[in-house]
1. Please give, to one decimal in nm, the separation of the simple spin-label points placed at B:Glu154 and B:Glu112, each 7 Å out from Cα toward the Cβ.
2. Who wins for biggest fluctuation among B:Glu53, B:Glu127, B:Glu154 in a Gaussian network model of chain B, springs between alpha carbons below 10 Å?
3. List, in order, the whole-Hz ³J(HN,Hα) value for each residue of the range B:98-107 obtained from phi through the Karplus relation with A = 6.51, B = -1.76, C = 1.60 and θ = phi - 60°; use x for Gly and Pro.
4. Report the label-to-label distance for A:Arg230 and A:Thr190 in nanometres (one decimal), using points 7 Å from each Cα along the Cα→Cβ vector.
5. Return the FRET efficiency for the residue pair A:Thr271, A:Thr220: r is the Cβ-Cβ distance, R0 is 25 Å, and the value is rounded to the nearest 0.05.
6. Just subtract the alpha-carbon distance of B:Trp102 and B:Leu64 from 0.36 nm times their residue separation and send over the number in nm, one decimal.
7. Tell me which residues come under 5 Å, amide H to amide H, from A:Ser199 once H is placed; ignore anything under 5 positions away on its chain.
8. Under 10 Å, Cα contacts only: if you run a Gaussian network model on chain A, which one of A:Thr330, A:Thr389, A:Thr136 comes out with the highest mean-square fluctuation?
Amino acid sequence: MSLTLEDPRIVEFDVRTDEMLVNMGPQHPSTHGVLRLLLRTDGEIVHEVTPHIGYLHRCAEKIGENLSPPQWIPYTDRMDYLAAMNMNLGFSLTVEKLIGMEVPEKAMTLRVIIGELNRIASHLVGMGAYGLDLGTFSPFLYAFREREIILDLLEEVCGARLTYSYITIGGTTHDLPDQITIPPGLAQLTERNPNMQLSWINALRMFLDWMGPRIKEYHTLLTRNAIFVRRTAGLGILSPEMAMSYGCTGPVLRGSGVDYDLRRDGEAIYTRMYEGYKFKIPVAPFSDPAFGGIPQEVALGDNWCRFFVRMMEVAQSIEIIRQALDRYPTSKGEYRLPFKMNQKLPADEVYLETECPKGSMGFYLVGDGDAEPFRVRAKSSCFCNLSVTGPLCQGVLIADIPSIVGSLDIVMGEIDR
Amino acid sequence: MKIEEIYQRLVSRFGDAIRELKTGVKDPWIEVAPTAIADVSEFLRTESDLKFEALNDLTAADWLETDAKKKTPCDPHVEVVYHLYSYSLKHTCKLKVKVPRWKDGVAGELPEIPSVSHVWGIGDWHEREAYDLVGIHFTNHPNLRRILCPEDWEGHPLRKDYEFPLEYHGVRGK
């Protein structure tokens, strides 16, 4: 077809723009921390994205070589600070694997409850902040309202709201508290007396009963929202081969259709914790007609799939916690086995990955007969997930960069370590 | 597939380049000659009965005993550790490559190991990190720059004989 001068499209074709380098970050709100993206753009089209990281680097691995494992646990808190419990758990299990320790049933049940609760909190932030990236403020407020209650509950358990250091080598530092005052947020939302006294377990049950039906609201707010679908579906498509090659894990990998979850497929020392629990592992493509069906624009491995995997995991985590709470009163053993601060580590080396909310967090620990490890290494899941941005963002619009980076749900504290 | 079978497969294909199978430890490993690691990686990823699609972790450790009181000091060397996983066959494999701490024994000259970044995409960033923190030169790497430390940083912090700088751009060290 030949084009005439009157054809309006000719104007479009004749526009020439210069190539331009644009710095996104490190103080850009949509990069979730101090991430700097260097974009090579031609008009609105991005030709190349180069992530620059390291602004939060504090060489935690070097520090770890001079501390005994219990002393290094607070440093794991500060990696993924949105899911510090899961970081504590990953490192504790690695040390237990090295010294050949098996924690009692009660400690395992406790770890499941606490770990899954923190997973919900992390996914809530992931969901709320993703909405914020795409210009909608309300889901963020809903997410933080719920997260506040989880933080209150975790504060009752260990005294901290963000950097817990609660799960430790041999179990946990404390047992669950018997009697607490109802968290203010929960009292308000369920219209109960703010001075109500109840056991921690009942408070958590009350929260879960309230939280379960709320997930439907998030789906109305985001998942099926026409604007949200337009901004996420069919964008940033990550093929399963590429996801595996770039070491993507967690919801990013499952969003690309690889059925893999360490809670089921991991090493025995980790899967032992989840033995006997009934839960599903959400994997794209979704055929579940729940929540009003899947929008037609959705393609396997796009932003929407990654987001939806997280949302489905929240529902599964609630189920797991319910089962764990039923088990807890009859669980045998102590909540903690002793591990001395200066206990010598055997001359051996182990690597262990656990399923953290953002992906598989791996710890590599080398002992040489001293109390301090010879080498300690943290393989960050977000580090691997972020490495895929370069190839993923080629040829997209500038406005889609926050949408793609946000869907990877990264935390810079873990990437830079 | 068990690590012993993987070892046999590798020995029948690469011969002397596969140096040792270390068992009797928590995570058994196979030691590979530095020159062969890229070919071995490619072989492990593509063979239909091995299919290691993922490089879970690539890291390095500097083996130098700095504690003079230690009775049995280790043999000084640098080792790179590869943790591989196969999603389709659900098996794992751990590889090790050992090189001298400095190339030709000249302090400051980084030891060289072929890059695996063309085999697994994530090898790119993991190798940049190992170069940055431990100081290993990965040959054939497309973009071997520092990743976590600033580009003008001197030294490699995870080396055991690393000394903290006293000053960096006007900021005092310890």
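1. Rounded to a tenth, the inter-label distance reads 2.6 nm.
2. The residue that fluctuates most here is B:Glu154.
3. 10, 9, x, 5, 10, 5, 6, x, 8, 4
4. 4.1
5. Values: r = 35 Å, r/R0 = 1.41.
The computed FRET efficiency comes out at 0.10.
6. Details: separation 38, 0.36 × 38 = 13.68 nm, distance 1.19 nm.
Roughly 12.5 nm would be gained on extension.
7. A:Ile180
8. Of A:Thr330, A:Thr389, A:Thr136, the most mobile in the Gaussian network model is A:Thr330.
No value in this document is a laboratory result; all are computed from the given coordinates. Given the structure is predicted, the values throughout are model-derived calculations rather than measurements. Note that we place each Cβ from the backbone using ideal geometry, even for glycine, and neighbour counts take in every protein chain shown.
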